[in-house]
Ligand code: SF4
Ligand code: SF4
């Protein structure tokens, strides 16, 4: 049974489990539409996407036709100029097929300097406030992978919500950001509860995230099975029992901090190398088996061989992962384990 919580001072009543719109861009349109519709049927009303998630807004727009009243729509712009952000907003409105967006967020503001530029006269915040007066957006939010930047954003009093990664490994937001946001009545949106698929058991990972005092936890989903499995987490008492805690602790130790969260900020790669798929290849193969993985990722090694070492991906990764080094390790492992089965 879906639970609802209040999204801070917006007073919007959002589902405790929200819909993360990154993974639907990687599956067929019909599958993606089915996933969004199933989420709505299960009572998930908080739908989060972004201009940067390629087809995600368009798919969501299609899927929610006739059901606008059932969902609270959140999207984001990664633009850093007022003109581009304005264009992004108009594109999002058009692709989502709506006249206004409930929550419009500044995407991935990862430094104090970046935040200062947003807040300065003539900056992005001013443009968003104008869009708010025009009735194109209702509330303004900000997202970041750095809790310390969001603490400053909360203190500025200018944002209605903050979005930050929160999972068993990334617990820093629980120290200062979440308590402060709650005290100031700012909505808190937890992203990456499954660590980009790094945790083996989605229910366990979600039970951990949902037990925290956040407004909503958005989990990325790409299949109807996944959205159903995630929603089932709410059928259990939230929080971890001792066995689950030990299980997550073991995984956290293995993963360390250097692991891919599948956020896709490293894209686009000029050679279309599926970076996050390669970085998580061992986890995928363990879960879905070599044949299933290879069927859908047949060309990923050939693409990897075309890497120009330009390091654009590394400069964009918010976790500062040494992507080239990690990819080389994973491909070496693939060749060692499955070399004879990889087509030349
Ligand atoms: S370094 Fe390689 S993987 Fe990274 S963006 Fe450049 S070509 Fe793509
Ligand atoms: S390599 Fe970094 S930017 Fe790319 S998907 Fe993984 S965590 Fe995200």
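What follows is calculated from the coordinates using simple rules that are stated; it is not laboratory data. Predicted model, so just to flag it, every value in this text is computed and none were measured. Heads up, the Cβs are rebuilt from the backbone with ideal geometry, glycines too, and the neighbour counts pull from every protein chain shown.
Roughly what angle does helix 147-156 make with the longest principal axis of the chain, taking Cα atoms, 0 to 90 degrees, to the nearest 10?
Roughly 10 degrees between the two axes.
For the pair residue 253/residue 272, report the inter-label distance in nm, with labels modelled 7 Å from Cα in the Cβ direction.
Placing both labels 7 Å beyond Cα along the Cβ direction yields 4.3 nm.
As an exercise, use a Förster radius of 25 Å and the Cβ-Cβ distance of residue 325 and residue 223 to find the FRET efficiency, rounded to the nearest 0.05. Please list the in-between numbers first.
On the way: r = 31 Å, r/R0 = 1.26.
Working from the Cβ atoms, E equals 0.20.
What is the packing order of peptides 130-137, 229-236, taking the mean over residues of other C-beta atoms within 10 Å and listing the highest first?
Values: 130-137: 14.8, 229-236: 17.9.
For the peptides 130-137, 229-236, the packing ranking is 229-236, 130-137.
With the crude spin-label approximation of a point 7 Å out along Cα→Cβ, what separation in nm comes out for residue 119 versus residue 246?
4.7 nm
Roughly what would the spin-label model give for residue 155 and residue 306, points 7 Å off Cα along C-beta, in nm?
Inter-label distance under the simple model: 4.7 nm.
Tell me, in nm to one decimal, what length is gained between residue 176 and residue 129 on full extension, where the rule is 0.36 nm per residue of separation less the Cα-Cα distance?
The residue 176-residue 129 span can extend by a further 14.2 nm.
Measure nothing but the geometry: give the 0 to 90° angle between the long axis through the Cα atoms of 124-133 and the longest principal axis through the Cα atoms of the chain, rounded to 10°.
Around 60 degrees separate the two axes.
Comparing 191, 163, 288, which has the greatest mean-square fluctuation in the GNM of the chain with Cα pairs linked when under 10 Å apart?
Among 191, 163, 288, the largest mean-square fluctuation in the Gaussian network model of the chain belongs to 288.
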